[in-house]
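The values are calculated or read from the model by the stated rules, or taken from the named source; none is laboratory data. What you see is a predicted model; the values in this text were computed from it and never measured. Cβ coordinates were reconstructed from backbone atoms using ideal geometry, including for glycine residues, and neighbour counts include every protein chain displayed. Remember, those area values only see protein heavy atoms, side chains included, never the ligands or the DNA or RNA. Shrake-Rupley method; radii C 1.70, N 1.55, O 1.52, S 1.80 Å.
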Amino acid sequence: MEDRGAAAGEPHEPPTAGSDAPTTAPPTWRESTFAALSVPAYRLLWYGGVFSFLAVQMQVIARAALAYDLTGSNESLGTVMFWFGVPMLLLTPFGGVAADRFSKRAVILVSQWLLIISSALLAIVLIADVIAFWMLPASSAVQAAAFAFLGPARMAFTSDLVGRQRLGNAVVLQQMSMNGTRVFGPSIAGLLTSIAWFGYEGAYITTAILTIVASVMTMRLPPGSPAPGKVTQRPLREFADGLRYVRANPHVGLLLVVSLVVVMSAFPYISFLASLSKDVFGFGESNAGYGFMSGATAIGAVSASLFIAGRSGGPGVWKVQAAAGAAFGIGLVLLAAAPTFLVSLVVLVLVGGATSAFQALNNTMVLMASESAYHGRVQSLMMLGFSGFGLMALPLGVVADAIGLRTTFAIMGTVTTVAMGVYFVVRPILERSHPMVVHDE
């Protein structure tokens, strides 16, 4: 997006000799990369997100490792993710309605306290040594219910706080904070769970404390209430109104479909890294390999975010998004063929970078192509793809147990690459018949 400064779009003429005309220096790399953080309220939301995302990454790692320790099967990993997907599928539409209807700060706070309670309860059963496998899918379901409301509210709040000019940058920075915690989250979780006197229970206590810190920051945000005069309807009717809006805006619909396909076909790979580390690359009972793999994807994600943060606007951004999606698919095929653990780490850097770039740019384009009054509901439709990610993890786990992880990854990557190829052909055709409208309100 353009910087709306004194010289928005105007060429810079060098001052003539003796002229006192001021010159406008172009923004530095730091100013363009971190532009949205100059907004105090967004900065608070962003720092709160760092603590919250760190807690989530630690809990995901701990839960997957614990599930595998209790059962030793890929199907159990898929089951945990399946019960993440079901509540997301059922509740995300209501999360989008809530984000457009109520105070976004209140919606985020309630979601954060659901996450705190989930972490605290698992810590208690682990301390009491009464942990059972069914408690992990139950915890996953509670976390999904929280995300169903947290995600749309947080993304819609971002747009409210920074405005359209800095929206793309803010979305990328939010993605960067999430992926940055994946550098440290897996390592911290792996370290804590490997300490005998700390273990899984200590990891869950830590995630609860981190989320409490995030909730304290959320309390300091403005209410984020909907625009005055908004006419409210029944929740299902409001969600149906959002669906009609998407049908009337083909670019938004196409972006949602692309996101759904990529998330369902490729994103479940993250659920099986623990198994890949232990069974394919021989790390046995150690979670160290899993931590290194998760860290490699995070390094790639942060690097990609830093690169695209100041380049998240412009008419050609969809080509970068399409290339990132295709690279994601190709990366999974390469991961399937990786001969050694070190090679897999290099490939995962590519996969992490491609994932981050695709997700951030897709989110930015959806928000730019839709009106603010519909941001929560549109984002809830985007997040339905992540319910598909959870739902697909179970059948993919069964397939992986039957034909092997390498073959499963190759299939996932091929489907993703083909889907992005179709998108690359369809998108220009749609643009010629229905030019994309960027909303400035």
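Remark: segment 208-216, residue by residue, has Karplus-estimated 3J(HN,Hα) of 5, 5, 4, 5, 4, 4, 4, 5, 5 Hz, where x stands for each Gly or Pro and the curve is 6.51 cos²θ - 1.76 cosθ + 1.60 at θ = phi - 60°. Spin-label model, Ala41 to Leu430: label points 7 Å out along the Cα-to-beta-carbon direction sit 3.1 nm apart. If I ignore ligands, DNA and RNA and count only protein heavy atoms, how much of His251 is accessible to a 1.4 Å probe, in Å² to the nearest 10? About 20 Å², ignoring ligands and nucleic acids. Per-residue SASA remark: Glu371, around 70 Å² accessible (1.4 Å probe; ligands, DNA and RNA not included).
In whole percent, and with a 1.4 Å probe on the protein chains, what portion of the accessible area of segment 121-170 is carbon and sulfur? Of all accessible area on segment 121-170, carbon and sulfur atoms account for 70 percent.
Once you have a ≥ b ≥ c as the square roots of the Cα gyration tensor eigenvalues for segment 253-366, tell me rounded if a/c is under 1.5, and otherwise prolate or oblate according to whether a/b is larger than b/c. It comes out prolate by the Cα gyration axes.
Here segment 317-441 yields Rg over Rh of 1.04, to two decimals, using C-alpha coordinates and the Kirkwood radius. Ligands, DNA and RNA aside, Lys104 has an accessible area near 10 Å² when probed at 1.4 Å.
In order along segment 349-359, phi translates into HN-Hα couplings of 4, 4, 4, x, x, 5, 4, 4, 5, 4, 5 Hz, rounded to whole numbers, per the Karplus curve 6.51 cos²θ - 1.76 cosθ + 1.60 with θ = phi - 60° and x for Gly and Pro.
Across segment 399-414, rounded Karplus estimates of 3J(HN,Hα) from the backbone phi angles (6.51 cos²θ - 1.76 cosθ + 1.60, θ = phi - 60°) give 4, 4, 5, 7, 10, x, 5, 4, 5, 5, 4, 5, 5, 4, x, 5 Hz, Gly and Pro being marked x.
Please state the relative contact order of segment 57-142 as a whole percent: Cα pairs under 8 Å, 6+ residues apart? Write down the numbers at each step before the final one.
Values: 45 pairs, mean separation 38.5, N = 86.
Averaging sequence separation for qualifying contacts and normalising by length gives 45 percent for segment 57-142.
With no solvent and one equal point scatterer placed on each C-alpha of segment 316-389, evaluate the Debye formula and give log10 I(q)/I(0) for q = 0.16, 0.24, 0.28 Å⁻¹, two decimals. Evaluating at q = 0.16, 0.24, 0.28 Å⁻¹ gives log10 I(q)/I(0) of -0.67, -1.04, -1.17.
Solvent-accessible surface of protein heavy atoms, probed at 1.4 angstrom with all chains present, puts Met81, Met88 in the order Met81, Met88, largest first.
Give the shape of segment 49-178 as rounded, prolate or oblate, defined through the alpha-carbon gyration tensor: a ≥ b ≥ c are the square roots of its eigenvalues, a/c under 1.5 means rounded, and otherwise the shape is prolate if a/b is larger than b/c and oblate if not. Present the calculation step by step, with values, prior to reporting the outcome.
On the way: a/c = 2.19, a/b = 1.99, b/c = 1.10.
Taking the square roots of the gyration eigenvalues as a ≥ b ≥ c, segment 49-178 is prolate.
State whether segment 28-126 is rounded, prolate or oblate according to the following rule on the C-alpha gyration tensor (a ≥ b ≥ c being the square roots of its eigenvalues): a/c under 1.5 gives rounded; otherwise a/b larger than b/c gives prolate, and the remaining case gives oblate. It is prolate, given that a/c is not under 1.5 and a/b is the larger ratio.
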